[in-house]
Amino acid sequence: MIKSLRHKGLQELFETGATSRIDARLQKRARRRHDALEDAMSLADVVQPGFDFHQLRGKPVRYTLHVNGPWCITFEWTEPYAEKIDLENYH
C-alpha cells in the first residue's frame, strides 16, 4: 500500500491518469509499478519480472523499481507501506 509520494508528477499521474511533468513514454510503465506498490503487503509482492527490484545503498534504506532507461521509481518500505515514492534518474 502507498503511504506517501515525493514526486509531484507521480502524484498527478496517479490521481488524474495524466501529467505533463513526466515523459509520456514513462507513464504507462510508471502506473504499472504504482499499481504493484499499491497492492503490495510485503516487499516480496513487488518482485515481478521486468521491475529489476533491488535495494539501494545508503541510509535510509530505499528500494528501486526500474521504469525505463535510467529512470526508476524509488521508495522506502515500512511494512505494509511504500513511502516517499519518487521518480529518479539515479544512475
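At a glance:
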| item | result |
| --- | --- |
| Segment 68-83, residues that are out of contact with any Ser or Thr (no Cβ under 6 Å at 6 or more places or on another chain) and either touching a residue at least 60 places away in the same chain (Cβ under 8 Å) or surrounded by 15 or more Cβ atoms within 10 Å (Cβ to Cβ) (or both) | W71, I73, F75, E76, W77, T78, P80, Y81, A82 |
| Some residue of segment 53-67 being closer than 17 Å to K8 by Cβ, without any contact (Cβ under 8 Å) to a residue 60 or more places away in the chain and either exposed (fewer than 12 other Cβ atoms within 10 Å of the Cβ) or under 10 Å from the mean Cα position of the chain (by Cα) (or both) | yes |
| Matching entry among A30, A36 (being within 13 Å of L87 (Cα to Cα) and assigned to a helix (DSSP H, G or I)) | A30 |
| Hits in segment 36-52 - residues which are in contact with a helix residue (DSSP H, G or I) (Cβ under 9 Å, 6 or more places away or on another chain) and surrounded by fewer than 14 Cβ atoms within 10 Å (Cβ to Cβ) | E38, D39, D45, Q48, G50 |
| Flag for R21 being more than 17 Å from E79 (Cα to Cα) and not in a loop (DSSP other than H, G, I, E, B) | no |
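Residue by residue, here is whether (1) farther than 14 Å from I2 by Cβ; (2) at pLDDT 95 or above holds:
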residue: L26; (1), (2): yes, yes
residue: G58; (1), (2): yes, no
residue: Y63; (1), (2): no, yes
residue: W77; (1), (2): no, yes
residue: Y81; (1), (2): no, yes
residue: I85; (1), (2): no, yes
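The values are calculated or read from the model by the stated rules, or taken from the named source; none is laboratory data. Keep in mind the model is a prediction, meaning the values are calculated, not measured. Cβ coordinates were reconstructed from backbone atoms using ideal geometry, including for glycine residues, and neighbour counts include every protein chain displayed.
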